[in-house]
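The values are calculated or read from the model by the stated rules, or taken from the named source; none is laboratory data. This one's a predicted model, so the numbers in the text were calculated from it and none came from an experiment. Cβ sites come from the backbone with ideal geometry, for glycine too, and all protein chains shown count toward neighbours.
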Amino acid sequence: MFQIENLKAGYNGKAVVDISAMSLNSGEHCLILGKSGTGKTTLLYALAGLLSPISGSIRVSDQEITKLNKSALDAFRGKNIGIIYQTLHMAGALSVLENLLLVQYAADTAQDSKKAEKLLAQLGLLDYRHRKPETLSQGQQQRVAIARAAMNSPKIILGDEPTSALDDETCETVMPLLLEAAKASNASLVVATHDARIKKYFQKTITLGGVQ
């Protein structure tokens with residue numbers, strides 16, 4: 001779960017996002033909509049602790065993340081926050097399976113190949129576990145990204161435009177898998193997108209209009 005209060009976030013001291021209050025309980029899902037430049041990615045990066053807010057508080061799973069120093073924040077993020085980026089960010093020299101295990105290594109937790117293989121099997125990718133990410137199709141890569149985000153059973157999963165580059169058929173395949181991955185760990189799911197195709201999967205929607 002997370003809770004935001006009086007959040008202003010942006011760059012060079014200029015706020016792109018200005019939210020007085022926003023919260024999501026464990027297991028709830030929220031879609032963040034808005035045109036380019038309205039702060040969707042900025043909000044996600046603030047929630048992930050990748051961007052320090054200008055002001056305000058962000059509480060994730062009862063932890064005020066804005067109070068943590070960099071090393072403590074990195075450790076907290078690794079264990080509690082799963083991130084699905086718009087483009088695949090994986091180690092090209094490693095296999096799909098090794099990339100998933102790398103997430104646990106970075107979070108200083110025991111590497112569990114059986115869990116990684118189970119996630120890949122659920123996503124229809126077990127036969128690709130020894131392949132390099134770059135050899136997979138776009139839809140397969142996005143499913144790997146979902147598996148990676150779920151590896152540490154996070155409290156919150158953040159998706160930055162996870163479906164915008166997918167065709168309709170692949171989008172309809174990926175979204176239920178993403179929801180299932182969040183359900184498995186009772187994680188809150190926050191997806192920022194301009195992809196109107198996935199609105200039907202979310203009961204809670206917030207539209208950002210930017211700071212005037």
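Some notes on this structure:
- Of residues in the range 152-200 being of a type in the set (A, V, I, L, M, F, W, C), surrounded by fewer than 24 Cβ atoms within 10 Å (Cβ to Cβ) and assigned to a loop (DSSP other than H, G, I, E, B), the one modelled with the highest pLDDT: Leu166
- The range 1-45: number of residues that are in contact with a Ser or Thr (Cβ under 8 Å, 6 or more places away or on another chain), surrounded by 13 or more Cβ atoms within 10 Å (Cβ to Cβ) and not hydroxyl-bearing (Ser, Thr, Tyr): 21
- Residue in the range 6-27 that is touching a Cys at 6+ places or on another chain (Cβ under 6 Å) and either modelled with pLDDT of 90 or more or hydrophobic (A, V, I, L, M, F, W, C) (or both) present: yes
- The condition (being part of a helix (DSSP H, G or I), surrounded by 15 or more Cβ atoms within 10 Å (Cβ to Cβ) and small (Gly, Ala, Ser)) is satisfied by just one residue among Ala72, Ala116: Ala116.
- Qualifying residue in the range 30-42 (condition: at pLDDT 90 or above, outside any strand (DSSP E or B) and within 30 Å of Leu126 (Cβ to Cβ)): no
- Restricting the range 125-150 to residues that are of a type in the set (A, V, I, L, M, F, W, C) and under 12 Å from the mean Cα position of the chain (by Cα) leaves a set whose member that is nearest to Met175 (Cα to Cα) is Ile146.
- Number of residues in the range 181-196 that are closer than 14 Å to Ile84 by Cβ and more than 14 Å from the chain's Cα centre (by Cα): the value is 1.
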